[in-house]
Amino acid sequence: MHTPRCNHATGSVQEYADAAISLGLREIGMSDHSPMPSFYDKPWRMDRSELPDYLQEVERVRDHCRGRLSVRIGLEADFHPGTESYVAEMIDSYAWDYVIGSVHYIGDWAFDNPDTIDVWDQCVIEDAYCDYFDLVARSAQCGLFDIIGHPDLIKKFGHRAPAGSARVAAAEDRMLQAILKADVAMEISSAGLRKPVGEIYPAAHLIEKAAAMGIPFAFGSDAHSPVEVGHGMDACLSLLQSYGVTSVACFDGRQRSMQEISRG
Ligand SMILES: [Zn+2]
Ligand SMILES: [Zn+2]
């Protein structure tokens, strides 16, 4: 979940925690958009100078909520080839509970940014899907992350690769194999339900394959405001259960443990 430091979220960390407590959740994770090198996607993330303030606020709320709610301290970092050493250095600078790795760019195209949605009209959708899944595979292989974020974000605006594309299916399989081999968790995110595509990330067929392969899942609401805390969680957990998944990943000091899915 996010904070206003990324310039596209609202609410204090305490307000996110209060929302979680009133929903009866036992654990949440804050993972605001991480600082990146200055050339990269600057308006959509905190500046490096804001990182200490972010950590202080989350630590303060974590300590305040102790006994009622576990508050984990994380980051949503970007995977963008060429920035790995910057990200590695930043991850090393703090004792995170977890770090999400997300792909938001193909080359210099922010494919999920509404401001550059026109690029979709000029691109070959099948190529965009293949390029995207190959980048997500590399994000798993780079070894920096605990969770692979929203693993088919490429569908956000509803652009669909041709049905039955063998190339896209092969790219999806490469991604799943990379995630399995890297032993990282895959996010199941309700954010897609709130986007034009109107669908959980990742799609059901990817969940089915990942579940059969034994890839662990971590739930994320990707809340950008306190009212989105826990949004769609039941739908995501039910979908996982329909494919035989019985537990989800939690993180403490970058150690993964599996929690039985329970309701109520
Ligand atoms: Zn965001
Ligand atoms: Zn993201």
- Output for segment 194-264: trypsin sites (Lys or Arg not before Pro) sitting in coil per DSSP, at most 12 other Cβ within 10 Å, listed by number, reads 263
- Item | Cα-based shape type of segment 164-216, given that a ≥ b ≥ c are square roots of the gyration tensor eigenvalues and the cut on a/c is 1.5 | oblate
- Task: Please turn the phi angles of segment 142-147 into ³J(HN,Hα) values with the Karplus equation 6.51 cos²θ - 1.76 cosθ + 1.60 (θ = phi - 60°), one per residue in order, whole Hz, x for glycine and proline.
- Result: 5, x, 8, 10, 9, 9
- Lys and Arg at +1, Asp and Glu at -1: add these up for the other residues within a Cβ distance under 10 Å of residue 220 and post the number. -3
- Note on the structure: Over its alpha-carbon atoms, segment 1-126 yields an Rg and a Dmax in Å of 16.2, 53
- Förster radius 25 Å - calculated FRET efficiency between residue 122 and residue 83 (Cβ-Cβ, nearest 0.05): 0.45
- Query: Per 5 Å bin, what is the whole-percent P(r) computed from every C-alpha pair distance within segment 76-260?
  - Reply: 1, 8, 17, 21, 22, 17, 10, 4, 1, 0
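State the percent of C-alpha pairs, over all pairs in segment 140-239, separated by a distance greater than 20 angstrom. Provide the component values of the computation, followed by the final result.
Numbers: 1842 of 4950 pairs.
Beyond 20 Å sits 37 percent of the P(r) for segment 140-239.
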- Query: Going 7 Å from the Cα of residue 177 in the Cα-to-Cβ direction, what parts of segment 95-139 have a backbone nitrogen less than 14 Å from that spot?
  - Reply: 134, 137-138
- Message: More than 21 angstrom separation, counting every C-alpha pair in segment 182-264; what % is that?
- Response: 26
- Name the most mobile residue of 83, 116, 246, meaning the one with the largest mean-square fluctuation, in a Gaussian network model of the chain with Cα contacts below 10 Å. 116
- Note on the structure: Checked against the positive end of the charge dipole of the chain (+1 on Cβ of Lys and Arg, -1 on Cβ of Asp and Glu, about the Cα centre), the farthest of 257, 154, 185 is 257
- Among 159, 104, 80, the residue with the largest mean-square fluctuation in a Gaussian network model of the chain built from Cα contacts under 10 Å is 159
- Computed on alpha carbon atoms, what radius of gyration and Dmax characterise segment 72-142, expressed in Å? 14.0, 43
- Counting other Cβ atoms within 10 Å, which trypsin sites (Lys or Arg not before Pro) in segment 71-180 have at most 14 and lie in a DSSP loop? 160
- Excluding ligands, DNA and RNA, the carbon-plus-sulfur percentage of the accessible area of the chain with a 1.4 Å probe reads 51
- Query: Quick one: accessible area per residue over segment 101-147, 1.4 Å probe, rounded to a whole number of Å²?
  - Reply: 42
- Cα-centred dipole magnitude for segment 76-260, charges only on beta-carbon of K, R (+1) and D, E (-1), debye, nearest 20: 480
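Using alpha carbon coordinates only, what is the Rg to Rh ratio of segment 65-185, with Rh defined as the Kirkwood radius?
For segment 65-185, the value is 1.02.
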- Task: Could you work out the mean projected area of the convex hull around the alpha carbons of segment 12-63, in square nanometres to one decimal?
- Result: 4.0
- Message: Testing the spin-label approximation: label points 7 Å from Cα along Cα→Cβ at residue 261 and residue 94. State their distance in nm.
- Response: 3.1
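The values are calculated or read from the model by the stated rules, or taken from the named source; none is laboratory data. Worth saying up front: this structure is predicted, and the values here are computed from it rather than measured. Here Cβ is always computed from backbone atoms with ideal geometry, including for glycine, and neighbour counts include all displayed protein chains. Protein only, heavy atoms only, side chains kept; ligands, DNA and RNA dropped before computing areas. Shrake-Rupley method; radii C 1.70, N 1.55, O 1.52, S 1.80 Å.
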